[in-house]
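Step one of this worksheet: look at the structure below.
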Amino acid sequence: MKNLVLATAMLALSASVDAAIIQVTPVSHLTGRASGAPTAWKINPAPTFSGDVAGIAMPTFWFNDVTGELSSSGVAQFRVQTSPTWNGLHFDRFITDLNIVGGSAAGSTAYNCTNGGFGNMIRASMCGNYLFGGDDIDNSTVTYGPGTAFSRVIGGDDVIAGAQQSIDDYNLALASFNGSALVFESADWTSSGGKAGLQLNFAAAAVPLPAAGWLFGPLIGLLALVRRRLTGS
C-alpha cells in the first residue's frame, strides 16, 4: 500500500512536470519539390543587396507540448530568393507573432507579402501568384491587411497561376516532437512525402540543470511528506 501511494504521487506530479512551454529556435523553412530534395529558404536573413530590408531580429518562439501550440513574439521573415540580388528575390513573407495551433495560423497577428525583382523579369506577381497577360502590364490588385486579411482582384488579361501567398500557407499540423526536434508541416507535404507543400523545423532549448532541479524539487518534497504520513512520524 505504501509503495502504491508513493508511486501514485510520483506519477501525478511528474505528469505536471512533463507538461511545459518550451523555447524553440527555427532551424529550417522548407518547400517541397516534385523532383529532388526540398528547397531550404532563409529565415530573417541579413540584407543581400543595396536597398534590401534591414535585418529583422529573429522572433522568440515557444512550443506547448500539451496543446501542440507554436507561439511567437516578433516578426518572422520567410524569404524566397534564388540569388543575392534584387532580381533574384522572388518575395518576402512577414508574419507578426506567428501562431500555429490545431492546423491553423489564424491566431497570428499580421501577415504581409512583398515582391522582389524576379517577378518583373518574368512578368508575374509572385505574391499574387498570377502572370501578366499579353499586354505585359500588371492589371491586377493584391492587398494584405488589416491583420492577416488578404485579397486579390484579377484584372485585364492577367492569368491566375495559383493561390495568392497568404497566412493560409502556414496552416501547418504538428508532425512530430521528440523533446529536441520539433516539426510542423502542411497537409500536402505529409501526403506527398515532401514533394510539395511546406515544412518548418525547430530545435528545442535544453532545460538547464538548475531549472530541472527546481522542477523536481516539489516532487521530492511531496514524497517526503507522503512517507511521514504513512509512517505516522
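Numbers below:
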read-out	value
Positive-pole candidate from Tyr144, Thr60, Cys113, dipole of the range 37-169, charges at beta carbon	Thr60
Inter-label distance, nm, simple model (7 Å from Cα along the C-beta direction), Val27/Val159	4.1 nm
Cα gyration tensor, the range 17-125 - rounded (a/c under 1.5), prolate or oblate	prolate
Inter-label distance for Met121 and Ala46, nm, one decimal - labels placed 7 Å from Cα along Cα-to-Cβ	2.3 nm
Sites Asn139 and Asp168 - FRET efficiency at Förster radius 30 Å, r taken between beta-carbons, to 0.05	0.80
Dipole magnitude of the range 37-169, debye to nearest 20 (Cβ charges: Lys/Arg +1, Asp/Glu -1, about Cα centre)	240 debye
Potential extension, Thr109-Thr82 segment - 0.36 nm per residue separation minus Cα distance	6.9 nm
Centroid-to-centroid separation of the range 136-172 and the range 179-200 [C-alpha atoms, Å]	24 Å
Gained length - Lys195 relative to Val53, 0.36 nm times residue gap less alpha-carbon distance	48.1 nm
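Each reported figure results from applying straightforward, stated rules to the coordinates on display, with no laboratory input. Quantities reported herein were computed from a predicted structural model and do not represent experimental measurements. Please note: Cβ atoms are built from the backbone with ideal geometry, for glycine as well, and neighbour counts cover all protein chains shown.
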